[in-house]
Amino acid sequence: MKTKNKYPYTYLRHFCFAISLFLLALNTKAQDIDKYADLSGLWKFHLGDNMQWSEPDYDDSHWENIKVPSSWEAQGFYGYNGFAWYRTRIYTPLNTNNSSYYLSLGYIDDVDEVYINGKKIGSSGRFPNNYTTAYNAHRIYAIPNYLIRENEPLSIAIRVYDDGGEGGIIHGTVAILVDFTAVNTEFDLSGDWKFRIGKCKENPQADDYSNWDEIIVPGAWEDQGYKDYDGLACYVKEFFLEGQFDNKRMVLLLGRIDDLDMAYLNGKLIGQSGEFAVETVEIRNETFKQFRAYYIPQDILIDNGKNVLTVKVYDHSGMGGIWSGTIGLISQDKYIQYWRNRIRNHR
Amino acid sequence: MVCSITKVQAEDLELKISLKGEWKFTIGDDPAWAEMDYNDQDWDEIFVPRNWESSGFKDYNGFAWYRKDFQLPDQLDKSSLFLILGRIDDVDEVYLNGQLIGASGVFPPAVITAYHILRKYPFPEELLNSNGKNVIAIRVFDDYNDGGICAGPIGIYVDKDNELLSYNLSGYWNFEARLNKHNTRNNFYHQKGSIYVPGFWESFGYPQFDGTAIYSTQFMLPSNFDEENIMLVLGYIDDMEKVYLNDVLIGTTDDLRNKENRNISNIHILRGYQIPKGIFVKGGQNTLIVKVYDTGGEGGIYAGPVGLITNENYVRLKNKRPDTVYDFWDSFFRAIFE
């Protein structure tokens, strides 16, 4: 459902939304999200484009130093438009058992793609030939837990494309954030999912979704090539279990979803946030902030084999999709423990 | 949902045991937690009634269970006890000593809230332990915003009005909901085709049902039964009904309209029906059928007392609760249609 014609100020609304997201992350949830490591300062920088520059072992010692955040025009690259890469390493130790870290990069002009230890973890806007800018999106990317290794620095590489005017990591918070509400899942489901806009079946087959787009979850779809899209969309994730949960009662965590969702595991509806309608969004006016945690009825999860998780999402306006929070499976016992600890820490 | 306290029907309920205070509490869901002898020692304590967000479970939505045990005083008459649990946000299932005694709303995945219904469940005498521990276990699901047993009276009550009855007809009645394409949800829990009277049918397996339903019950009268001076009281009904005794129509809601209650909405009129002579079967079985039509929202024979009553006691009952609720819109529409 395109709302563009209904709302002539789409651009303004998006801008407001980006601001409110930023506030949500840093102010209203101040007790839940905190700055863990400041990353502003000197980074390595190189003009041009080469996918090998994403590799953690790439030797960038001959690269220029550049101040982040700041436009590259202000750092001696006046008049340059096009591709450039930023690299840095983080030596602050991250807790490997804690899937709660986010990489905040502030505002990037115009398009970026972020690699941690050589693995793409997110992107905003679209590179040419389908160029779209995302200069007004505040970049916050979840750092998948499996990329964090004890006693090893975290390599960050950012591919940036600037179409005109100022370029680079311009301003805003450049830091690692830690989310104290994050849950340590026992089976991580963040990362690459299959995605498409529009309707889909409750139980799509591999043939149906094999040629769908890839999307990174969590992350708003606006930042991943679906700028200005409002309406229905489908996410699919295949995963394999090897008997590790032994028929325990399990909970599916789907983070925060903007605005409404229906989650199907192996074709069965296991949870939803209300009917897909504008009225539901109005009644549940904070639905986009609500953590999705669905208790999985027994006998639906295939404990030893392939599972298919399908999430239908309806976005009324502004940002859309499974946009932040913990994504994965946790046993009910551990989930109860998580809430007890969380309450103890808050009291 | 946001907890709300709406008007409670002014029944003459007397508190016997208050259950306000600390209950055992955990998030999560497991049928084993309904069992009487489940060990809940390591559960949290939580104050009831209060939404769980205010007790630290901020941003929690989903399943949770409450448990509490209590003893019955020796001299308590256990024949017409009720458990009142105030407002529960959004859906609940209540167990007494491991047995389901009531439920409101629909659990996931297709949630239907019942946050606006006062939870009032019968407390069957046969399930109670007179000399020992009794356990109430409550399974709650919260869909969004406030959750839990959030507000209102919490305790075990007796309906004083039942003392005025010559023959108490409250209990499980036969029930048939006329389901149509808009009313296909029917997850009856107690026994298919039966319902507890009085109570909203939303609390007894028919969440979201609007339309026509047929209640029926049978009762024996002694051969020396004196039908002089006896009438039928059906408490309060949402919205309208037709009443048949032994296949004879003895009255409808419209028959109860008179000068003194012309400005009162249907749901606030105390139902008292005169019974024409010769209809009662003395020394045999009588069949009472009540066809109820509900236009929307909650429905059913929702509040007591329900039974046979002498004319004098009916006047007493009526005087205890004058029909004083004034519904502007109801009188407005009535004025137009008359």
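The values are calculated or read from the model by the stated rules, or taken from the named source; none is laboratory data. Please read these numbers as outputs of a predicted model, since none were measured by experiment. So basically every Cβ, Gly included, is an ideal-geometry build from the backbone, and we count neighbours across all protein chains shown.
Here the range A:137-183 is the region considered, the condition is being in contact with a Ser or Thr (Cβ under 6 Å, 6 or more places away or on another chain) and among the polar types (S, T, N, Q), and the residue that is modelled with the lowest pLDDT is A:145. The set of residues in the range B:259-301 that are touching a Phe, Trp or Tyr at 6+ places or on another chain (Cβ under 6 Å) and within 25 Å of residue B:223 (Cα to Cα) comprises B:272, B:282, B:286, B:289, B:290. The single condition among (1) free of Cβ contacts under 8 Å to residues at least 40 places away in the same chain; (2) more than 17 Å from the chain's Cα centre (by Cα) that residue A:329 does not meet is (1).
Residue under question is residue B:96, and the condition is that it be touching a helix residue (DSSP H, G or I) at 6+ places or on another chain (Cβ under 6 Å) and without any contact (Cβ under 8 Å) to a residue 60 or more places away in the chain; does it hold? So residue B:96 fits the description; yes.
Quick one: would you say residue B:241 is under 26 Å from residue B:104 (Cα atoms) and in a strand (DSSP E or B)? The answer is yes for residue B:241.
Of all the numbered requirements in (1) more than 24 Å from residue A:35 (Cβ to Cβ); (2) over 23 Å from the mean Cα position of the chain (by Cα); (3) crowded, with 18+ Cβ neighbours inside 10 Å, residue A:66 misses one, and that requirement is (1).
Being at pLDDT 90 or above, out of contact with any Phe, Trp or Tyr (no Cβ under 8 Å at 6 or more places or on another chain) and within 11 Å of another protein chain (Cβ to nearest Cβ), is that true of even one residue in the range A:300-323? Yes, the range A:300-323 has at least one match. Scanning the range B:9-28 for residues that are assigned to a loop (DSSP other than H, G, I, E, B) and farther than 19 Å from residue B:103 by Cα, which turns out modelled with the lowest pLDDT? Filtering the range B:9-28 for residues that are assigned to a loop (DSSP other than H, G, I, E, B) and farther than 19 Å from residue B:103 by Cα, the one modelled with the lowest pLDDT comes out as B:9. Within the range B:123-158, no residue satisfies the criterion of being away from chain A (no Cβ under 13 Å), assigned to a loop (DSSP other than H, G, I, E, B) and of a type in the set (Phe, Trp, Tyr).
Taking the criterion of being within 14 Å of chain A (Cβ to nearest Cβ) and either polar (S, T, N, Q) or crowded, with 21+ Cβ neighbours inside 10 Å (or both), the residues of the range B:58-101 that qualify are B:61, B:62, B:63, B:64, B:65, B:89, B:90, B:91.
Taking every residue in the range A:231-248 that is under 30 Å from residue A:276 (Cα atoms) and pairing it with any residue that is buried (at least 19 other Cβ atoms within 10 Å of the Cβ) and charged (D, E, K, R), at least 6 positions away or on another chain, the pairs with Cβ-Cβ distances below 6 Å are A:234/A:196; A:234/A:312; A:236/A:194. Applying the criterion of at least 2 residues that are charged (D, E, K, R), in contact with a Gly (Cβ under 8 Å, 6 or more places away or on another chain) and within 27 Å of residue B:106 (Cα to Cα) to the strands (runs of 3 or more DSSP E) found wholly in the range A:171-283 leaves A:250-258. For the range A:70-98, the candidate set comprises residues that are out of contact with any Lys or Arg (no Cβ under 9 Å at 6 or more places or on another chain), among the hydroxyl-bearing types (Ser, Thr, Tyr) and within 17 Å of residue A:155 (Cα to Cα); within that set, the residue that is modelled with the lowest pLDDT is A:92.
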